[in-house]
Structure formats: structure tokens, C-alpha cells
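Read the figures in this text as sums done on the coordinates, not as results from a lab. The model shown is predicted, which means the values in this text are computed figures rather than measured ones. In this analysis, Cβ positions are derived from the backbone assuming ideal geometry, glycine residues included, and neighbour counts consider all displayed protein chains.
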């Protein structure tokens with residue numbers, strides 16, 4: 001782990017986010033609402049949550065998982 005994590009995990013995580021220019025995306029009720037209506041193309045609950053978050057927030061999913069492409073309206077960058 002980078003030295004910042006020696007201070008604490010939270011500090012190291014926040015430092016890494018700053019360095020990457022990234023931010024976290026919290027879980028919102030809108031994400032859960034869409035999640036509940038998604039077809040069961042993908043059975044992994046965590047991936048389904050990512051799919052619903054990306055759709056609600058108009059984000060692109062970067063993945064090698066071909067099941068993501070089965071969701072109409074989901075922007076997927078396949079790697």
C-alpha cells in the first residue's frame with residue numbers, strides 16, 4: 001500500500017482519489033428504484049447496482065463483461 005495508507009485507510013483512499021481527480025458515487029434511492037426494475041440479464045447483484053448507477057447518472061461502464069451490453073440505454077466501453 002502507498003505510504004498514505006499507513007496513516008489510515010480513509011486518509012489513503014481520499015489521497016488516492018485526489019491524485020486521480022476522481023470522486024465517489026454514493027448510493028441513492030433512484031439507483032435502487034431502477035435496480036428493482038432491471039431485467040435479470042446479469043445475475044451479479046453488485047454489477048446490477050453498478051448498471052443502475054451508471055444508467056441513472058448517465059455514466060459509461062468500462063468492463064470486459066459482455067453481459068453489460070444486454071442493457072438497452074447503458075453506455076458500455078468494452079475492454
Contact order normalised by residue count of the chain, Cα under 8 Å, 6+ apart, percent: 19
Sum of -39500 (n - 2.57) over DSSP H runs of 4+, divided by residues of the chain (222 nm, nearest 500): -14000 deg cm²/dmol
Answer label, with semi-axes √(5λ) of the Cα gyration tensor in Å calculated from the coordinates and candidates (1) 24, 16, 10; (2) 29, 14, 11; (3) 19, 14, 12: (2)
Taking 60, 24 and counting other C-beta atoms within 10 Å, the order from fewest to most: 24, 60
On Cα atoms only, tilt of 9-20 relative to the major axis of the chain in degrees: 70
Degrees, to the nearest 10: 45-57 long Cα axis against longest axis of the chain: 90
